[in-house]
C-alpha cells in the first residue's frame, strides 16, 4: 500500500452538517486524507436510526484521476441535493493567490446546491430503487481507481444500505443506474459527465495516471455489505 493510501485509510470523514459547506473533501489536500472514509460512509452508517431523516450519498468514479462526481441528498424541512464534480486537472485561470483555498482552485471540486420538491424527492427514491438500491449485496467486489463505477450509501427508514454499480461480475450493471439523468438535471457544477468506456490493461498499469493530482498511484477498494474495505494498491 502506498503512503497516500495509508493516509487516506487512517482519517475519518466527518459530515459538515451543511451540504453546501466545506465537507472535508472539497480541496485536494483534505481529500487525500478523507476520501476512502467518505466512500465508506461511516458518518451516515453511524447516525442512521429509526425516526431520523433519510439520506443518500452517491459517488461516480469515472477513472479517479480523470473524473469524479458526488451527490449528497437529505430529507428534512428543506430537501436539497448538493453536487460536487471535478475533471482531470481544472482550469489554471481559476487559481487565486488571496488564500490557500484559492491557490488550490483548479483542483477543488466545483459545487452546486439545488432544492428538491416533494415530487422530485419521490422521483429520486423511485429511481434509486428501480436501479437496485437496497436490494442486493455486492460484498467482495473489488473496484480499481481506473474503473468506472457508482457507489451509493444511504439511510432509509432507519436502515443503512450500501450498493455498487459497475461492469463487473457481482456488481449491479452500470446500465441499471437509472438515477443518472435525474442527478445530472440537478447538477449545476458545470463539469461535463464522462460516460463509462472499456478499461484497458494500460489504464490500470500506467504509472503516470493520477500523478500530481489527488494522490500518487492507483488504489483498489473492496465492497463490503456495509461499506468498503481497507484500500490497497
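The values are calculated or read from the model by the stated rules, or taken from the named source; none is laboratory data. Quick caveat, the model's predicted, so the values are computed rather than measured. So basically every Cβ, Gly included, is an ideal-geometry build from the backbone, and we count neighbours across all protein chains shown.
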Within segment 43-58, the residues that are within 19 Å of residue 162 (Cβ to Cβ) and surrounded by fewer than 21 Cβ atoms within 10 Å (Cβ to Cβ) are 43, 45, 46, 47, 49, 50, 52, 53, 54
Across segment 65-106, the tally of residues that are at pLDDT below 90 and touching a strand residue (DSSP E or B) at 6+ places or on another chain (Cβ under 7 Å) stands at 1
Selection from segment 123-140 of residues farther than 16 Å from residue 153 by Cβ and without any contact (Cβ under 8 Å) to a residue 12 or more places away in the chain yields 126
Scanning segment 137-175 residue by residue, those exposed (fewer than 14 other Cβ atoms within 10 Å of the Cβ) and either touching a strand residue (DSSP E or B) at 6+ places or on another chain (Cβ under 6 Å) or over 20 Å from residue 67 (Cβ atoms) (or both) turn out to be 140, 157, 158, 159, 169
Residues in segment 176-225 that are surrounded by 15 or more Cβ atoms within 10 Å (Cβ to Cβ), assigned to a helix (DSSP H, G or I) and at pLDDT below 90 total 2
